[in-house]
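Structure, as structure tokens:
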Amino acid sequence: MIVAGIDVGSKYTKVVLLNENKEIIGTSNVRTGIDHQKTVEEALDEALKAAGISRDDINKFVATGFGKISVPFADSELTQVVAAGKGAYFVWPKVKTVIEVGAEESRAVKVDENGNIKDFALADKCAAGTGSFVDAMVRYLEVPLEEFGRMSLDAKGEVPMNAQCVIFAESEVVSLLHDNVPKPEISRAIHDAIADRVASIARRVGIEDDVVVIGGLANDVGFVDSLKRELGTEVYVPDKIAPELIPALGAALSGL
Amino acid sequence: MEAIQESEYWRWPETVWIDESKNWKEAEVISCGIDLGSVSSQAVIMLDGELYAYSNLRTGSSSAASSEKALGSILDKIGDMKREDIHYIVGTGYGRVSIPFAHKTITEIACHGRGANYIYGPSVRTVLDMGGQDLKAIKIDHRGKVVNFLMNDKCAAGTGRGIEVVADLLSIPITEVGSMSLEVYPDDEPEPVSTTCIVFGKSEILGLIRKGWPKNRILAAFFRSVATRVVELLERVGVEADFAITGGISKNPGVVVRVQDMLGMKALETEYDPQIAGAIGAALFAKALYEKQTGKR
């Protein structure tokens, strides 16, 4: 038995293929295009290729993510909250709080010792607590995304970011650059600002260890570092599987 | 190259104006107000409480330099007036603490209330100030004294900066976006852009472009959402006639017409530049403070 978990996100579409032993046999991560259905086909083909199997070998398709309706052949759909909770619990059974930070939304999910969802909070109205913040800022700093995250770790954290809004933060970052504030300090200020927003969402459900952070922004070491400081507790990032694939994994698990 | 071209669409005309019919040397009290905003800065010089000169410029990266420039551009135009000739200077606005030569600072809420009272007359009770990075609904009494206010300064939705971003995105000059949006109003007015956040709104607008929507329709959807947000804020503070609008967005008919229609109330009109209301208020406070200091009152 092979199940495909398909997570159609606002920016990337992810697929995880799972066999009956709950082993990951193939994954993919492609940029979500204008035509969501076409993107889904592309992502699926890529995962099938990685696994070395054909589409006929898949017994079940489970869709999740904001664009889950774009998977017309899905056998079932799963909410993003459950997908995040299930996936995180699978890779980190001690998890109690899952924090997911995607391109255009962030959410916090509380799970019990059996991985069942107890509570959740969601923010999708404002870009300030999402990956879009980083996207917008990297352009001004003119540094590659990876370096942007890493340089934050070298900063002293003495420059506060006054703006909450990403649009206002853009102007503020331009001023900081004009004032010759070192880029690592600016990177740190941005990461602290995002972490502050994300932490306030997480506090709505209550922070309980262990905290696992997933979604694309979990790859940003500067953000994870700021989040740890903001929450005052250790934060774990899945290392056996990319953190942005966790909801697709959760979707696949639900189909087994 | 692309960056230079892109940066032009938000550009609005800067102004320096003086009333040539007045002679400043005859004035007893020369007062000055400087409103150092996040996006634009204004300086106003008043002679015995009457408007004499003003400037309206874009705020640069340094607040101090922007305030020097706002006042300096007026003094240059007058020619023979020096900063020392001004009796009292009051700073207001977002960057008011960074005006090195101001004798005192006063909040922009108080100054906009006072300025609206001067510009629009004593009948004004509700002032909507739509600025570069904030949105304020201010209730005032017949003297222009603030009774109550609400503001949003956390989010770019409903602010001038947000409109600049959309003007850039659509490559349409900021001075034209409002009137262009009215081309489809009210008969073909589309549903408002669904996202509040300007960052997400940009993605939504890109989607509308791909769908082949004409730009005037996209702007109508955008300004509908801006107007909705503005009206929500006004209704929380309660709208009482007469109603007036100050700040840069008061020059945008796309927002003003929709807000008026949603409220069922016309905003008062003026011969003055409504963007200088805050600086006028500051200059009036400066006059009063000078008179108090010199025992004239």
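All of the numbers you see were taken from the coordinates with simple rules; none came from a lab. All figures in this text were calculated on a predicted structure; none of them were measured in a lab. A quick note on method: Cβ atoms are made from the backbone with ideal geometry, for glycine too, and the neighbour counts reach across all protein chains shown.
For segment A:80-161, GluC sites (Glu not before Pro) meeting the loop criterion (DSSP other than H, G, I, E, B) and having at most 10 other Cβ atoms within 10 Å: A:E113, A:E142, A:E158.
From other protein chains only, count the Cβ atoms within 10 Å of every residue's Cβ in A:158-170, then give the mean.
Shielding by partners across A:158-170 averages 5.
Per-residue shielding of B:200-208, expressed as the average number of other chain Cβ atoms within 10 Å of the residue Cβ, stands at 3. GNM on chain B, alpha-carbon springs under 10 angstrom: the most fluctuating residue among B:T92, B:T107, B:T270 is B:T270. Site-free segments of chain A were taken between trypsin sites (Lys or Arg not before Pro) in DSSP loops having at most 10 other Cβ atoms within 10 Å, sites themselves excluded; the longest one is A:1-93.
Which shape class, rounded, prolate or oblate, goes with segment B:31-159 when its Cα gyration tensor gives a ≥ b ≥ c as root eigenvalues, a/c under 1.5 marks rounded, and past that a/b bigger than b/c marks prolate? Oblate is the answer for segment B:31-159, as a/c is 1.5 or above yet b/c matches or exceeds a/b. Distance between the pseudo-spin-label points of A:R229 and B:K82 (7 Å out from Cα toward the beta carbon): 4.9 nm.
Just checking the listed ones, B:L182, B:L71, B:L208: in the Gaussian network model of chain B with Cα springs under 10 Å, the one fluctuating most is B:L208. Straight-line cross-link partners of A:K118 among the lysines, defined as a Cα under 21 Å from its Cα and at least 8 positions apart when in the same chain: A:K86, A:K94, A:K96, A:K110. In order along segment A:192-198, the phi-based Karplus estimate (6.51 cos²θ - 1.76 cosθ + 1.60, θ = phi - 60°) of 3J(HN,Hα) comes to 4, 5, 5, 4, 4, 5, 5 Hz; Gly and Pro are listed as x.
Loop-located trypsin sites (Lys or Arg not before Pro) in segment B:164-244 (DSSP state not H, G, I, E or B) with no more than 15 neighbouring Cβ atoms inside 10 Å: B:K211.
Helices that extend 30 Å or more along their long axis by alpha-carbon positions and average at least -1.0 on the Kyte-Doolittle scale are, among the DSSP H runs of chain B, B:215-237. For the peptide A:122-131, the mean number of other protein chain Cβ atoms found within 10 angstrom of a residue's Cβ is 4. Volume per residue of the convex hull around the Cα atoms, evaluated for segment A:97-178, comes out as 128 Å³.
Taking GluC sites (Glu not before Pro) across segment A:187-256, the ones in a DSSP loop with at most 12 further Cβ atoms lying within 10 angstrom of their Cβ are A:E234. For chain B, the Kirkwood hydrodynamic radius comes to 19.6 Å, computed from all pairs of different C-alpha atoms.
Going by how many other beta carbons lie within 10 Å of each one, how would you line up B:L36, A:L153, A:L231, fewest first?
A:L153, A:L231, B:L36
With respect to chain A, whose longest principal axis is taken over its alpha-carbon atoms, helix A:131-141 is tilted by about 50°.
Of all the options B:E84, B:E269, B:E14, the one that moves most in a Gaussian network model of chain B with Cα springs shorter than 10 angstrom is B:E84.
Determine Rg/Rh for the protein assembly as shown; Rg is computed over alpha-carbon atoms and Rh is the Kirkwood hydrodynamic estimate from the same atoms.
That ratio equals 1.06.
What translational diffusion coefficient, in µm²/s and rounded to a whole number, does the Stokes-Einstein relation yield for segment B:126-267 at 10 °C and a viscosity of 1.306 mPa s, taking the hydrodynamic radius as the Kirkwood radius over Cα pairs?
Here the translational diffusion coefficient equals 105 µm²/s.
Cβ-to-Cβ counts within 10 Å put B:T105, B:T228 in ascending order as B:T228, B:T105, the fewest first. Centre-to-centre separation between the Cα atoms of segment B:252-277 and those of segment B:85-143: 18 Å.
All C-alpha pair distances within chain A, sorted into 10 Å bins from zero, spread as 8, 32, 32, 21, 7, 1 percent across the bins.
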